[in-house]
Structure formats: structure tokens, C-alpha cells
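These notes concern the structure reproduced below.
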Amino acid sequence: MKLRFAAGSPFVRKVTVTAIETGLDGRIERVPTDFADPTDGLARDNPLGRVPTLITDDGKPMIESSVICAWLDGQHDGAKLIPKQPEARRNALWLEALADGMTESAIAVQRERARPAEKYWEDWESRNWAKVERTLDAIDSNAALLNGELTIGQIALGCGLDWILLRLPDKLEGWEERWPAVAAWYQAFSQRPSMQATGPK
Ligand SMILES: N[C@@H](CCC(=O)N[C@@H](CS)C(=O)NCC(=O)O)C(=O)O
């Protein structure tokens, strides 16, 4: 398999952590990809022009981190990151969708801040950051989902939080007091070897 990646992408990291946790990492060749370069060829594999994009051994492209991770989870015989039991499955997928949405909203904040001052739209930053805060409120009130077996939802949350802490540190000042259950969980989760091996260099 080949993984088109860009350094620093929290969604690529989610796929890589999943590959490590499922024992599949050694089967994945990494292809550096510049999604901003139209000559890169990424659009042939993924018309959306996004990473992560995975090319399976039969040459077929898979896109979207959630789909790629679900596919990888079907390729190994160990403990599943997407549980089979219906309620546990729903909880893991709910957490994954929320965490992915939170990360996309945080990226929108960073992109808005990168625009020239005359094009910067404060409302857009506030609106997107409110989604991040509401997500952390929801997860902190359902912190039981963070306990127990490792799930794809936890991986998505850990990678997203790590990205926000690195790229938008001012936004998360004092977050440990506001979302104590999530913060305590994150402190332990970020020590996992798969997270330590994939952090920003
Ligand atoms: N929902 C997608 C999000 C992927 C995504 O936004 N990737 C970013 C890098 S972090 C990207 O490729 N951006 C390039 C673009 O949108 O043109 C997923 O889960 O894979």
C-alpha cells in the first residue's frame, strides 16, 4: 500500500497511528505529497486533492481518513478500533466524527488567520472556534467514552488535539480547567508509543 502524505496533517497522522496500532505500518510505503502543487498528480488519485490518500495493493485509491482507517481495521486480526458490538461501535464512530469535525474547524481557524489582514473575517474564526468548544464540551460530558479499549474515535481526538495545541496554542490556554476529563485523558494518550513516534519533528 502507498500512503500519500503531507507532514503536519492531523488526518495523515490519524491514519499512521491507526496503521501502527493495527500492526500494518510496515506494509505502507509513504509518498510525500504537495497538495498545493497542481503538477503533483494527487488529483489523479483523489479528485478532492487531499491527503491522506491511500493506494491499496491492487492500485485502487481510498480517500478520507475515516474510510481509510475503517478499511485498515478490516485488514488485521487484532483488537478492532471500530468495535463490532453495536453500542460500542456507535460510540466510537460518534467520537471519531466529532473529533474529525473539530479538527476541520480548527484548520479553518488557522487558515482564516493566515489570510491578509484586509481579507480576514473575524466572524468566520469565531464561528469555527465555537464548533471546537462545543465539541470539547460534548466529549468532556461523555468522558466515559475515553476509557476502555482503544478506538478510532480516541485516535482521531488525540491527533486533532495535538494539532490544535501546536498550531493554535492561544486558543487552548487554560483548557485543562475547562475540559478536565479530556485534558487528563490526553495527557495519558499522548504517551502511547504510536503518538510519540508520529509527533511533529
Ligand atoms: N475529511 C478529510 C480531511 C483531509 C484534509 O483536510 N486534508 C488536508 C490536509 S490536513 C488537505 O489535504 N488539504 C488540501 C486541500 O484541501 O486542498 C479526511 O478526514 O481525510
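Taking the inverse of the mean reciprocal distance over all distinct Cα pairs, the Kirkwood hydrodynamic radius of region 86-193 comes to 14.4 Å. Segment R44..Q191, full-extension length gain: 49.2 nm, with 0.36 nm per residue of separation and the alpha-carbon distance subtracted. Under the simplified labelling scheme, the A97-E118 pair shows an inter-label distance of 4.2 nm, with each label point 7 Å from Cα along Cα→Cβ. Residues whose amide H lies under 5 Å from that of F5, counting only those 5 or more places away or on a different chain, are V31, T33; hydrogens are built 1.01 Å from N in the peptide plane. Among K131, K119, K84, the largest mean-square fluctuation in a Gaussian network model of the chain (Cα springs under 10 Å) belongs to K119.
Can you figure out the FRET efficiency of V67 with R90, using R₀ = 22 Å and their beta-carbon distance, to the nearest 0.05? Intermediate results must be reported in sequence, preceding the final value.
Values: r = 18 Å, r/R0 = 0.80.
The formula returns an efficiency of 0.80 here.
Bridges between two residues of the chain, per DSSP, are antiparallel at a rate of about 60%. The Stokes-Einstein estimate for region 2-73, based on a Kirkwood radius over Cα pairs and taken at 20 °C with 1.002 mPa s viscosity, is a diffusion coefficient of 178 µm²/s. Eigenvalues of the alpha-carbon gyration tensor of the chain, scaled by 5 and square-rooted, set the equivalent ellipsoid semi-axes at 26, 24, 14 angstrom, largest first.
Computed 3J(HN,Hα) for region 27-33, one whole-Hz value per residue from the Karplus formula 6.51 cos²θ - 1.76 cosθ + 1.60 where θ = phi - 60°, is 8, 10, 8, 9, 10, x, 9, glycine and proline marked x.
FYI, it's all coordinate maths here, none of it is from the lab. The structure presented is a predicted model; accordingly, all values stated were derived computationally and were not measured. All Cβ positions, glycine included, derive from the backbone under ideal geometry; neighbour counts span all protein chains shown.
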